[in-house]
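A.B. asks: A single structure is presented below for examination.
The values are calculated or read from the model by the stated rules, or taken from the named source; none is laboratory data. Treat the numbers as computed from the prediction; the structure is a model and nothing was measured. Don't worry about glycine lacking a Cβ; one is built from the backbone with ideal geometry, like all the others, and counts go over all protein chains shown.
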Amino acid sequence: MTSEYSRMATVALRGYVAAIGATAETGERALRAAAGEAADIAKAAAGVIRAPEAEKGLAAELAMRVALEAQRSYLHGLRGATSLWTMAYLERFDPDPRDRDGG
């Protein structure tokens with residue numbers, strides 16, 4: 001009976017560690033993407049500030065397009081985050097899928 005409890009505890013611990021690792025990997029990718037998009041938006045906003053008065057309208061339009069593209073990219077990334085997290089979790093929890101079917 002003790003060995004069964006030990007096995008269950010080991011599986012639970014492996015699952016917990018896999019969840020932490022998958023969350024860290026997914027979070028790292030999301031932060032890198034957000035940092036890149038924030039830099040693009042900041043550059044576009046700086047372009048509006050630095051633009052001559054006659055060109056501010058075009059610069060503002062460009063900045064809005066950059067911001068909207070960043071938002072679209074972010075929402076697209078959210079849709080893929082669940083799949084990425086699941087794949088990262090399964091890779092950590094069961095690194096060799098052949099072990100599942102005994103092959």
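A.B. asks: Please count how many residues of region 31-56 are over 13 Å from residue 71 (Cα atoms) and in contact with a helix residue (DSSP H, G or I) (Cβ under 7 Å, 6 or more places away or on another chain).
C.D. replies: The qualifying residues number 6.
A.B. asks: Please work out which one of (1) surrounded by 13 or more Cβ atoms within 10 Å (Cβ to Cβ); (2) modelled with pLDDT of 90 or more is the condition residue 85 fails and give its number.
C.D. replies: Tallying (1) surrounded by 13 or more Cβ atoms within 10 Å (Cβ to Cβ); (2) modelled with pLDDT of 90 or more, residue 85 fails exactly one: (2).
A.B. asks: I'm trying to understand the selection: among the residues of region 15-39, which are closer than 27 Å to residue 94 by Cα, of a type outside the set (A, V, I, L, M) and surrounded by 12 or more Cβ atoms within 10 Å (Cβ to Cβ)?
C.D. replies: Scanning region 15-39 gives 15, 21, 23, 25, 26, 27, 29.
A.B. asks: Is there any pair with a first residue in region 51-71 that is within 21 Å of residue 37 (Cα to Cα) and a second that is not β-branched (Val, Ile, Thr) and not in a helix (DSSP H, G or I) whose Cβ atoms are under 7 Å apart and which are 6 or more apart or on different chains, and what are they?
C.D. replies: Taking only residues 6 or more apart or on different chains, the pairs are 59/51.
A.B. asks: Within region 13-26, can one find any residue that is closer than 16 Å to residue 71 by Cβ and either in a helix (DSSP H, G or I) or free of Cβ contacts under 8 Å to residues at least 12 places away in the same chain (or both)?
C.D. replies: So the first thing to find is which residues in region 13-26 are closer than 16 Å to residue 71 by Cβ, and the list is none.
No - not one qualifying residue is present in region 13-26.
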